[in-house]
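Engineer: Got a structure here, written out as structure tokens. Questions coming.
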Amino acid sequence: MKPKFHKATAVGLLLAGRPSLASPLNATALAAPLNSTVDTDTLSLHLARSGCHQSDCPDTRFGVDIISMYTEPFRTWLYFLRWQSVCGCHKEQVFADGCRSFTTCTGRHSVCFDWHGGRGHWIDPSGHKTCWYLSSDYICRQTWLAWPKIEVACTW
């Protein structure tokens with residue numbers, strides 16, 4: 001007789017087996033580079049984790065993403081940069097270009113998510129630039145997400 005395997009157990013095992021990586025903010029604070037392995041996050045993982053009920057903390061292993069939500073009655077998309085660091089979780093509104101500069105407990109940072117071009121970058125207070133290829137998809141009918149898929153060489 002085969003043991004029963006529940007979806008909740010599968011999700012728990014999947015999440016427990018994921019590598020724990022630092023965001024660029026943590027990398028700055030700990031002076032440790034980001035892991036450049038391929039990100040296995042998929043839309044189904046986002047749905048399994050937060051789905052339509054997103055918080056200020058990103059679900060991605062790089063600790064940063066852009067979330068966009070269609071708002072009524074304004075009939076427009078609002079964009080937010082979300083990141084997690086030693087300073088906690090943060091969510092700041094950005095323009096559709098996905099760029100924002102901000103100051104945290106670790107210093108001044110600058111980030112851009114060019115989801116049309118499928119790339120993004122983060123510049124930490126020391127001037128170190130971390131670059132990624134991006135993935136994006138709808139996680140709910142009126143909620144869209146772009147997140148780093150893999151760290152790459154900064155050629156832009």
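Engineer: Find out how many positive minus negative residues lie around Thr104, taking Lys and Arg as positive, Asp and Glu as negative, among other residues whose Cβ is under 11 Å from that of Thr104.
Structural biologist: -1
Engineer: Report the chymotrypsin sites (Phe, Trp or Tyr not before Pro) located in the range 82-112 that are in a DSSP loop and have at most 14 other Cβ atoms inside 10 Å of their Cβ, or state none.
Structural biologist: Of the chymotrypsin sites (Phe, Trp or Tyr not before Pro), the ones in loops of the range 82-112 whose Cβ has at most 14 other Cβ atoms within 10 Å are Phe95.
Engineer: Another question, then. What is the order of Leu134, Leu78, Leu145, fewest Cβ neighbours within 10 Å to most?
Structural biologist: Taking fewest neighbouring Cβ atoms as first place, the list is Leu78, Leu134, Leu145.
Engineer: Let me ask another. Quick one: 3J(HN,Hα) in Hz for the range 141-146, Karplus 6.51/-1.76/1.60 with θ = phi - 60°, rounded, Gly and Pro as x.
Structural biologist: 4, 10, 9, 10, 9, 10
Engineer: Most exposed first by the Cβ proxy, i.e. fewest other Cβ within 10 Å, how do Lys91, Lys129 rank?
Structural biologist: Lys129, Lys91
Engineer: Spelling out what I want: for every residue of the range 129-138, take phi, set θ = phi - 60°, compute 6.51 cos²θ - 1.76 cosθ + 1.60 (Karplus), and round to whole Hz; glycine and proline get x.
Structural biologist: Rounded to whole hertz, the list is 10, 10, 10, 9, 8, 10, 10, 8, 5, 7.
Every number in this text was worked out from the coordinates using simple rules, so none of it is lab data. Here the structure is a predicted model, which means the values were calculated and not measured. Counting neighbours? That spans all protein chains shown, and the Cβs are built from the backbone with ideal geometry, glycine included.
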